[in-house]
1. Please go through region A:329-344 and pick out each residue that is open to solvent by 20 Å² or more (accessible area, probe 1.4 Å) and in contact (Cβ under 8 Å) with a residue 60 or more places away in the chain.
2. At least 1 residues that are without any contact (Cβ under 8 Å) to a residue 40 or more places away in the chain and over 24 Å from the mean Cα position of the chain (by Cα) in each: list the strands (runs of 3 or more DSSP E) lying fully within region A:1-59 that qualify.
3. Among the residues of region A:341-353, write down those that are more than 16 Å from DNA strand B (Cβ to nearest atom) and touching a helix residue (DSSP H, G or I) at 6+ places or on another chain (Cβ under 6 Å).
4. Considering only residues that are assigned to a loop (DSSP other than H, G, I, E, B) and open to solvent by 50 Å² or more (accessible area, probe 1.4 Å), look in region A:217-237 and name the one that is nearest to DNA strand B (Cβ to nearest atom).
5. Based on this model, can you work out whether A:Val240 counts as assigned to a helix (DSSP H, G or I), hydrophobic (A, V, I, L, M, F, W, C), within 30 Å of A:Val258 (Cα to Cα) and more than 8 Å from DNA strand B (Cβ to nearest atom)?
6. (1) of a type in the set (A, V, I, L, M, F, W, C); (2) outside any helix (DSSP H, G or I); (3) crowded, with 19+ Cβ neighbours inside 10 Å: which one isn't true of A:Ala247, the others all being true?
7. Run A:Pro65 past the list (1) part of a loop (DSSP other than H, G, I, E, B); (2) more than 16 Å from DNA strand B (Cβ to nearest atom); (3) touching a His at 6+ places or on another chain (Cβ under 7 Å) and report the number of the one that doesn't hold.
8. Suppose we keep only residues that are of a type in the set (A, V, I, L, M, F, W, C) and open to solvent by less than 20 Å² (accessible area, probe 1.4 Å) within region A:345-357. Which one would you say is farthest from the chain's Cα centre (by Cα)?
Amino acid sequence: MCRKYEVVQGQKGVPIKAWTCDVAFEQAAKQQLLNIAQLPFVYKWLAVMPDVHLGKGATIGSVVPTVDCVIPAAVGVDIGCGMIACKTSLTASDLPEHLGAIRSAIEQAVPHGRSARARKGRDKGAWGEIPHDVSCAWRTLAPVFDQLQEKHTVLRQTNNVNHLGTLGTGNHFIEVCLDEKDSVWFMLHSGSRGVGNRIGTHFIELAKKEMERWQIQLPDRDLAYLPEGSELFADYMQSVVWAQNYARINREVMMQRVIQAVQKVLHRTFEARVEAVNCHHNYVNREHHYGNDVWVTRKGAVSAKEGQLGIIPGSMGAKSFIVRGKGNPESFHSCSHGAGRVMSRTQAKKVVSLAEHLAATQGVECRKDEAVIDETPAAYKPIDKVMAAQSDLIEVVYTLKQIVCVKG
DNA sequence: ATGTAC
């Protein structure tokens with residue numbers, strides 16, 4: 001048994017508390033965290049989750065509490081990226097033996113992959129009609145977006161409504177899972193798509209320009225920050241909160257599509273939201289910690305307040321977990337957002353064979369081709385170790401195993 | 001992660 005967290009202390013700056021017992025913690029990620037720890041406005045310490053790995057600017061799997069400042073690159077470009085999961089009244093015996101039809105129905109119901117709704121047959125570039133459910137959902141987002149666009153004209157060139165209800169690519173996925181009592185769950189991972197990306201990129205650039213204007217030296221240019229009280233800070237907060245809402249609603253729209261698609265295939269209705277969780281893991285939030293209101297940026301980390309439910313997905317062949325927060329103040333009420341990568345996408349494609357991928361995804365109705373090897377289970381840390389390393393942050397409520405996986 | 005340029 002080891003200590004609950006490892007403390008890394010640089011020459012300058014706040015300590016780093018890392019819940020990395022028995023899991024990989026690359027030197028490069030450590031160095032990146034030491035850079036962040038040097039910033040004078042970091043509150044108390046950095047909390048590092050067991051799925052930690054190197055990111056751009058800020059480290060994936062880190063919790064950065066700040067006073068009077070935010071770092072747009074710490075939130076990143078996939079603003080509001082996160083997970084939604086629903087427990088249904090179905091059990092394994094309600095599903096057909098062959099799951100191909102369910103997978104196809106989901107693939108048809110939710111646009112996924114590049115360009116999503118834009119590409120219909122050979123009509124590349126021509127946007128399809130906006131479906132009714134999407135236009136309804138957009139209505140709650142439109143007013144603030146109109147305001148944002150007026151001032152930040154780069155946002156006019158985004159796909160905004162056209163991407164709402166679409167999954168995206170990379171590690172964004174949809175799964176049908178069974179829990180330990182054979183209840184059927186739907187779970188999906190997605191974010192704020194093109195428009196959130198544009199907002200993130202835009203404000204990261206603006207923050208860098210501000211640093212140059214004020215001649216502020218940073219350990220890493222990507223750590224450019226915006227000070228509270230400035231107009232840019234206010235604009236960023238309005239934009240980032242909007243993108244976080246977009247992402248949450250995006251997941252909600254897709255979940256509803258998945259439910260309807262499966263009901264259609266099974267020719268029956270069922271209760272689809274026996275329990276439901278919808279949580280961000282790339283976001284900034286105003287929170288109260290140790291007696292002060294601070295900004296908490298979670299980049300690849302999930303809120304784990306006492307009693308709060310969260311989702312920690314494993315890779316496409318591994319288990320996932322519905323967890324309940326223990327409200328550990330030292331982690332600023334946080335837990336990991338997944339298993340965390342152990343190798344880059346390019347490395348995975350080089351190192352992992354198709355045979356290995358087939359073995360690792362046995363029994364899962366999913367893609368088995370070369371193009372998906374960057375997402376193969378071997379590219380990720382073993383989820384059981386990651387879970388063990390954060391046993392003082394969360395408890396497991398449900399253990400899920402996927403039977404269908406749709407990758408973007 | 002994404003859209004776009006190469």
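1. Of everything in region A:329-344, those that are open to solvent by 20 Å² or more (accessible area, probe 1.4 Å) and in contact (Cβ under 8 Å) with a residue 60 or more places away in the chain turn out to be A:Glu330, A:His337, A:Arg341, A:Val342.
2. A:6-8
3. So the first thing to find is which residues in region A:341-353 are more than 16 Å from DNA strand B (Cβ to nearest atom), and the list is A:350-353.
The one that is more than 16 Å from DNA strand B (Cβ to nearest atom) and touching a helix residue (DSSP H, G or I) at 6+ places or on another chain (Cβ under 6 Å): A:Val352.
4. A:Pro219
5. Judged against the criteria, A:Val240 is a match.
6. (2)
7. Every condition holds for A:Pro65 apart from (1).
8. Pass one, region A:345-357, residues of a type in the set (A, V, I, L, M, F, W, C): A:348, A:351-352, A:354-355.
Those still in the list that are open to solvent by less than 20 Å² (accessible area, probe 1.4 Å) too: A:348, A:352.
Details: A:Ala348: 21, A:Val352: 24 Å.
Looking at residues that are of a type in the set (A, V, I, L, M, F, W, C) and open to solvent by less than 20 Å² (accessible area, probe 1.4 Å), I get A:Val352.
The values are calculated or read from the model by the stated rules, or taken from the named source; none is laboratory data. Everything numeric in this text was worked out from a predicted model, so none of it was measured. Every residue, glycine as well, gets a Cβ built from its backbone with ideal geometry; the counts of neighbours run over all protein chains shown. Heavy atoms of the whole protein, side chains included, go into the accessibility calculation; ligands, DNA and RNA do not. Shrake-Rupley method; radii C 1.70, N 1.55, O 1.52, S 1.80 Å.
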